[in-house]
Structure formats: C-alpha cells, structure tokens
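The structure appears below as structure tokens.
Laboratory data are not the source of any read-out in this text; all were calculated from the coordinates shown. Only a predicted model underlies this, so the values are computations on that prediction, with no experimental measurement involved. We place every Cβ from the backbone using ideal geometry, glycine too, and count neighbours over all the protein chains shown.
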Amino acid sequence: MIRGTMKVIALNGSPRLIGNTSYAVTLILDEFAKEGLETEHIQMYGSAMTPCNDCGSCGIRGDGRCINEDDDMNAYLEKLTGADAVILAAPSYYGGIPGQMRILLERISLASSTCAAGNPLAHKTGGAIAVQGRDGGLSSYSEMVNFMLVNRMTVCGSTPLTILTGRKPSEVLNDTAGVSAVKGLAREMIRALTEKRD
C-alpha cells in the first residue's frame, strides 16, 4: 500500500452517463482504492465544450488557463493538474474519441504548453482506456496516449492494450482480456507512483 495521500483522477469522455466507459473506469479506480489511493471519476457527460479559436490569449496570459470561462475546460484542467495520476477514458465514435473530449484535450494542450511556469501536466503518471463496440478502439487509445506524450506525462501501458469491447452497458465486463488489461494498467501505474514517492 502506498503511504501518504496520492490522488488518481479518471476523466471519462463518454457522452453517456452510464455506459461501458463508466464501467471500465470504475473497474480501474477500484484497483487504486484497494491500495489506499484517493480516486475521482470525472464524467464529461453533458459538457458542451467550445472549440479553440486559436486566439493566443493563453500564451499572452501565461498562467496555463484558457480565457474562455464559459464552459468547464479550466475546471477540468485544475482537476487534472491537482492529481498525481491521470486516466483518460473514452469510447470510439466513428474511429476516434468523442468530439467534446477531443476539443478539451486540444485546448488543454495549447494552454498548458504556453504556461510560463511550465506544463502543469508534465511528469504526471498517466494511462488510457478505450472502449469499442466492434472496432476503432486503437485510434481512440492512440489519441489519448498521444495527448499524454505531448504533455510529457509518464505513460503506463499493459499487455494487451486497455481496449475493451462491448456494446450494451456492462458488456465490457465480459471482455476477460480487457478486464485483465485494465487491472494490469492499474498495477503499472501504482508501481510508477510508488517509485516516484520513494
């Protein structure tokens, strides 16, 4: 068990409140909770994200925030930067992550990369989970991993990759290889957090 308080945030980019992505997130967060880590499941359900218009205000401000305060982008960023570890989870919609999550990740990357104090996500431990009905999971998984790599996060993986298959709610729990991969990802992230703490 990890000594001291550490927090793991899971950002669920699914537009569905209760769907297979939620089941997958709950599965991995339970593994962290068993080790005594604080966890939080953040759902983007219902979030209407405004696309970035490349106004450049974040670069001028240099504080790592977006000038647009009309949606939840800055609140999500504060949650992620306040955590020790971040899990990005999303379904595959037409071969990629859902639109509102893609917009959020684009805006976070731009604001974070122009932060005068340095990228607030750098060196955080990260992991990704993708859910597919039949296919497209690898593309969604790659988008989320690429976001973490660009932001210089320490990305953990698993064998097989954490790409779960299921269409009806809770069907991902029948994907035995996927469930095993999720638990393996949790172990790898816990190991990385332990090494950082030591």
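Below are the figures for this structure:
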| quantity | calculated |
| --- | --- |
| Neighbour-limited loop hits for chymotrypsin sites (Phe, Trp or Tyr not before Pro), segment 55-123 (at most 13 other Cβ within 10 Å; DSSP other than H, G, I, E, B) | TYR94 |
| Residues in segment 55-98 reached by a label modelled at LEU138 [backbone nitrogen below 11 Å; 7 Å Cα→Cβ] | none |
| 19 Å Cα-Cα threshold exceeded, pairs from LYS7/LYS34; LYS7/LYS196; LYS7/LYS183; LYS124/LYS196; LYS34/LYS124 | LYS34/LYS124 |
| Spherically averaged projected area in nm², based on the convex hull that wraps the Cα atoms of the chain | 10.4 nm² |
| Fewest-first ranking of VAL86, VAL131, using other Cβ atoms within 10 Å as the exposure measure | VAL86, VAL131 |
| Only Lys, Arg (+1) and Asp, Glu (-1) charged, at Cβ; the chain dipole about Cα centre in debye | 320 debye |
| Residues in segment 156-198 that a label on LEU17 would reach, taking backbone N under 16 Å of a point 7 Å out along Cα→Cβ | 169 |
| Förster radius 45 Å - calculated FRET efficiency between THR50 and THR176, Cβ distance, rounded to 0.05 | 0.65 |
| Förster radius 41 Å - calculated FRET efficiency between LYS168 and LYS196, Cβ distance, rounded to 0.05 | 0.60 |
